Amino acid sequence: MAFREASAEEAQNGSLGVISGTAIVFNAESRVIDEYGETFREVILPEAATMEFLNSQDIKLNLLHQREDTFGRCINGTEGNMTISRDDKGVYFEVQVPNCDLGIRARELTKAGVYTGCSFEFYPKAYDIEEREVNGKSEIKVIHKELESIGAFTLAMDPAYLQTSCSVRELHEQTPEAKREKEAAEQAKREAEEKALEEAAQRAREIQLMRMKTNF
């Protein structure tokens, strides 16, 4: 992640300068993540974040995953003070830092080296799970092939990826276990709805039969 002082034109438009960095790293394993009793690593494939997909998202940039500390935004790739690009290695951002208290904080803490990485918040859509044993311990590797959505990039102090100064994301509640629980709940809901429809149809048949007997 890097900071650049504003040019004369940028300063005239109210920018304190530019913060740029890598929000997503492709084909790289994250550090070990331990959430909800599961230990796993994550990998983001390039096809999970195409430029077409990125340009369909409303992506915010905040500090430490705090929505109220948002100071950048890219709406459908065309609006806002942040631009997004990608190549075969990852996804990058560049934000014009607004001249406000939050912008000053982001600028100064980035310059001071307090914020050393970047994470991103997302909902998974399609992924593969590999189970393996590492140093005698069971470990899960989650390979994301497609994302449902990206909500935000965030400046972070404890990034999940150590390969670069910026990382994919910090801990997020969308673990494989949470995904399975969601799918199980949706299946249970569908079964309950089908049962309710069948019971309603059975009651309707019984009422119709009673009417036929009465008329007879």
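The values are calculated or read from the model by the stated rules, or taken from the named source; none is laboratory data. In this text the structure is predicted, and so the values were computed from the model without any measurement. Please note: Cβ atoms are built from the backbone with ideal geometry, for glycine as well, and neighbour counts cover all protein chains shown. The area values use the complete protein model at the heavy-atom level, side chains included, leaving out ligands, DNA and RNA. Shrake-Rupley method; radii C 1.70, N 1.55, O 1.52, S 1.80 Å.
Of the residues making up the stretch 185-216, those that are modelled with pLDDT under 70 and under 30 Å from S119 (Cβ atoms) number 1. When the stretch 75-124 is filtered for residues that are small (G, A, S) and either in contact with a strand residue (DSSP E or B) (Cβ under 9 Å, 6 or more places away or on another chain) or open to solvent by 60 Å² or more (accessible area, probe 1.4 Å) (or both), the ones remaining, listed by number, are G77, G80, S85, G90, G103, A106, A112, G117, S119. Within the stretch 130-156, the set of residues being at pLDDT below 90 and loosely packed, with under 14 Cβ neighbours inside 10 Å comprises E130, E131, R132, E133, V134, N135, G136, K137, S138.
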